[in-house]
Each structure stands twice: as C-alpha cells, then as structure tokens.
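A short worksheet on the structure shown next.
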Amino acid sequence: MSDPKTPDDGAPKPAPETSPGKPKRRRGLVAKVLGKLANDAVLDKLLRGGAMALAIKVGAAGLSFLMFMLLARASTIDEFGRFGFAFSLAGMLSVVGSFGQRMMVMRQAPAYAADGDERRLTGIVRYGYRWVLGGCIAMGLGLALGAQVWPGLAHRDYLVAGGVMTVMIGLAEYQSRAMRSVTGMALALAPRDIFWRLGVAALAGAWILSDAPPMTAPQALYLSSALLLAVLVVQALMHPITRPHALFRARATYEPTEWRRISTGLWGVSVMQIAGPNFSIVLVGFVLAAEPTAQLFAALRVAMLLELFQLAAQMVSAALISSRWHKGDVAGVQRICRVVTLGAALPALGSFLLFALFGDWIMGLFGNAFAGGQLLLVILSCGFLAKTVFGQSALLMQLAGRERAFMRIVTICNLASVAAILAATLLFGVIGAAVATTAGLISWTAWAQWDVRRSLGVDPSLLGALRSLKRNRDRAREEETDE
C-alpha cells in the first residue's frame, strides 16, 4: 500500500502553493491574543474570582433595589425619607467609627496569611474588631444622645434607631472585608449582600400584604438591624478566623504602632471618600423636607448600581494588584486594570442608557410619589458612570502607598463638594444637591486618575484600557507578519 503522505512514485509531495507576497498564517490575530490571555494565570484568577463576586453582586444589586423599593412601598414617603436620612447618616458614622480598619485588614491580612503568620493574622483581625466595635458604638451613642438634646427636632426615635444601625453596618463592613482577605467570596459577601437583603425584602413584602399600618422609619431601622445582627453571627461562626476562639482566646501577635500608622491614613481616605454622596442625603434631610430626601435617597441607591461591576471585580483585583505592584510588575498591573475597566465600564454604559430611557418608570416602582424622578436619576448616574470609566484609581493609590496623596485629593474635592451641595440645595433644591454631588464625584475621580497615570505609570481608565488593547493588537500583527 502506498504511503498516503507521498505520491505513488515515492517522491515527496510538493508544498501547497501560496499567493505571492502573502506570508503563511499559522494562527489568526484573535486566536493569538486569546491564547495569550488564556495562558495568563493572573488574569485567569481574576476572571474566575471576579465571576463569583460578580454573580453575588448582581444578585445583591437586584435584592438591594427590591429591598429599598419594598421598604418605600411599606411606608409613607415621609417615613421613607427619614429612613433614608438615618441609613445614610449611619453609613457615614460607621466609616468614621471604623478608624480605617476596613482597608487595613484587607491590606495586611493577606500578607500575613501568605507568610503563614497565624498569630499576626489573628492579631490584626481581633485588633480591627475592637476598634470598629468601640468606635461605632461611640458614634451610635453620640447620634442617639444628640437626637435627645437637639432643639426643635420633631422626630427623634428614628435617629436613636439610626445609632443602632451604625453599629451593625460597621461590623458588617469590617467582617466582610476581614473574611474576604482570607477566604472565598461566597462566605465573605453572600450573608449580607444576599441573605440580609432578601430577609428585609421579605419582611417588607409581608408588611405590605398585611393589614398593618404603614411602617415607620424606626421600625424599618430596628428590624433591618436585628436581621443583620443574626446574619453576622451565623457568618462569623462559619470561619475559624472570626469564631469566638480566634477572637478571644487564641494566641496573637500585635503591632499596634505600625497598624495605627497605616490605618490613620486609610481612615482619612475612607471618611472623605464616602462623604460626598451620603452627605448630600444628610444635608438635604436637614435643609429640605422628608419627601425630597426620600426622592434623592431612592435615586442615589439606583444610580449606585452603575458601580456594581467595578466593585465586584475590585474584590478580586485588589489582592492581585497589590501583589503585582510590590513585585514591580507594572505591566501586570496595567493588564489587570484593563480587564477590570473594560468589564465594568461597558455594562455600566448600557445601564446608564436604560436609566436615561426608562428612568421615570424605574423610579415609579418605589411608589407614585417617586414617579418623575428620571432627571435626578440621570444626574446622579453621571457621577457613578464617570467613577467607573476612570477606573481603579482610588484602589491603586491606596495599594501603592499613595494613600496620603489620595486623601489630599478627596479632601479638597469633597470639602468643595460639601460647600457646593449646601449652596446648591439652598438655591435650587434637590436638583442642585444632585448636580453638586455628581460634580464632586467626577472631580476627585478624574484627579486621582491623572495622579495615578503621572506617578505610577499606570492608566486604569477606559481610555487607557483601549490604548492598551490597541498596542497589543499592533504587537500581535507585527508578530504575525514576522511569522
């Protein structure tokens, strides 16, 4: 039998003809780029971990929307406005009372875990719990006592409930970050992001279906706090680092001087970062009536969905960026930023378009009093869209040791924003507050992106990601031509 690879006379087969002037194409351009990405262990980890975080965050976003929508429908618009005021104030106070421990545990705990230093890992988690619990209790008591002595305040009880919520939010945020540093995304995120929101939504839905009178702001805050406490206890018991033995009895090593130095800078950054959007709710609540406060709070919560994809990816990328940066791998950091920014900005742009087209209908889901809130929603969405398009500038500055420079940026921008919010609210009402809030978000994110590009040599923005893709495409074409 003749060899199928040669003609019958045994002579070798001639090579297939190719068109003159055209090099032989072994692999397509797209296949070459995809092949490189597939063999990149860092990006593989980012995409796999990000998928879990994204799945949880997508579910959390839907449940967050459902939770606040049902709470709005279970109460009157005035009571929902008071709830939104107290909830936003509690969020701000919990950041103040956490003293930078949230970011510090995410920065230090993974390093201790990677080194196998169990005592320091136990020490930093325990140290953070003590500061967060003590600080948030102090903030909550301050709010409750202040409500009792504030002259001319018509409603005081909901601020006392807001003090309780301050402690619960502080513990929930810290515990989630501590777990995220040493375990998987599901255990770190799902209890609060999924089960707590689902529980509150179910409770509000049952309230609507019952014959009970409209839910008051204190009732909504106390019930939400009780459910959150139950979820946090169960979550803490599910991992060794947060069980009672680790928190109270296990041997631990402490570095209070070093940790205090690190957390001080991170604390200032955290306070300034959250001040803008939440402060607008608080300020409108002081200056205007409960109804516009409710409308602004609802629009803000919907607009915040635009940063969902970036937040999900950052939960994985933070540790990867920190590791790559400290190894001097600037190209690796740029590559991670490219994937995160493209993956976050494109769906955010699509969501913004939906808000622009169907904003009135979306806001109307909160109740008839919220219909017509499309302008508020679009204005606030511009700020969160810009925050996503400018990329992970804030995270990069904090992980690369430029937290003090970042604190200076957000302090200047947010102090200007606070003054602008006050003036705009007095002059133009809730629309003015929304415009000033958005201007503050855009200003500090743009400045931070410029600083990262200038000082770190990384461009985390959408434009930087597109430039990076173009360079990779050109390089792949050159390689293909050489072949």
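None of the figures in this text is laboratory data; all of them are computed from the coordinates on show. Every value quoted in this text rests on a predicted model; they were computed, and no experiment measured them. Heads up, the Cβs are rebuilt from the backbone with ideal geometry, glycines too, and the neighbour counts pull from every protein chain shown.
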Item checked: Gap separating the Cα centres of segment 167-202 and segment 355-387, nearest whole Å -> 27 Å
Notebook entry, point to check: For percent of Cα pairs over 44 Å apart, the choices are (1) 36; (2) 19; (3) 23; which was calculated from the structure?
Noted result: (2)
Notebook entry, point to check: What angle do you read, to the nearest 10 degrees and between 0 and 90, between the alpha-carbon axis of helix 290-303 and the longest principal axis of the chain?
Noted result: 10 degrees
Checklist line | Estimated inter-spin distance, A289 and F248, nm [label 7 Å along Cα→Cβ] | finding: 5.1 nm
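List M304, M238 from most exposed to least, where exposure is judged by having the fewest other Cβ atoms within 10 Å.
Numbers: M304 19, M238 12.
Ascending Cβ contact count within 10 Å gives the list M238, M304.
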Notebook entry, point to check: Residue farthest toward the positive end of the dipole of the chain, with Cβ of Lys/Arg at +1 and Asp/Glu at -1: which of I124, L203, A55?
Noted result: I124
Next item on the list: Find which of F286, F366, L311 sits farthest along the positive direction of the dipole of segment 262-372, computed with +1 on the beta-carbon of Lys and Arg, -1 on that of Asp and Glu, about the Cα centre.
Entry: L311
Notebook entry, point to check: Expressed as a rounded percentage, what relative contact order does the chain have, with Cα pairs under 8 Å and six or more residues apart?
Noted result: 21 percent
Note to self: As a test of the formula, what do you get for the chain when each DSSP H run with n ≥ 4 contributes -39,500 (n - 2.57) and the sum is divided by the residue count, at 222 nm and rounded to the nearest 500 deg cm²/dmol?
What the structure shows: -27000 deg cm²/dmol
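Let me check I've understood the local charge: for R197, count other residues with C-beta under 13 angstrom from its C-beta, Lys and Arg +1, Asp and Glu -1. What total comes out?
Numbers: positive: K57, R192, R301; negative: D193.
Here the charged neighbours net out to +2.
Multiplying the sequence separation of H155 and L466 by 0.36 nm and subtracting their Cα-Cα distance, what value in nm do you get? The partial results should precede the final answer.
Details: separation 311, 0.36 × 311 = 111.96 nm, distance 5.20 nm.
Taking H155 through L466 to full extension adds about 106.8 nm, to one decimal.
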Check: Under a Cβ-Cβ cut-off of 10 Å, what is the net charge of the residues other than Q101 that fall near it, where Lys and Arg count +1 and Asp and Glu count -1?
Finding: +2
Item checked: Paramagnetic reach from E255 (point 7 Å along Cα→Cβ, amide N under 20 Å) across segment 95-122 -> 99-122
Check: In the chain, what is the count of Lys pairs whose alpha carbons are under 19 Å apart, counting only pairs at least 8 residues apart or on separate chains?
Finding: 10
Notebook entry, point to check: Remind me, relative contact order of segment 329-476 in percent, using alpha carbon pairs under 8 angstrom and six or more residues apart?
Noted result: 33 percent
Item checked: segment 259-333 and segment 71-123: distance between their alpha carbon centers, rounded to Å -> 11 Å
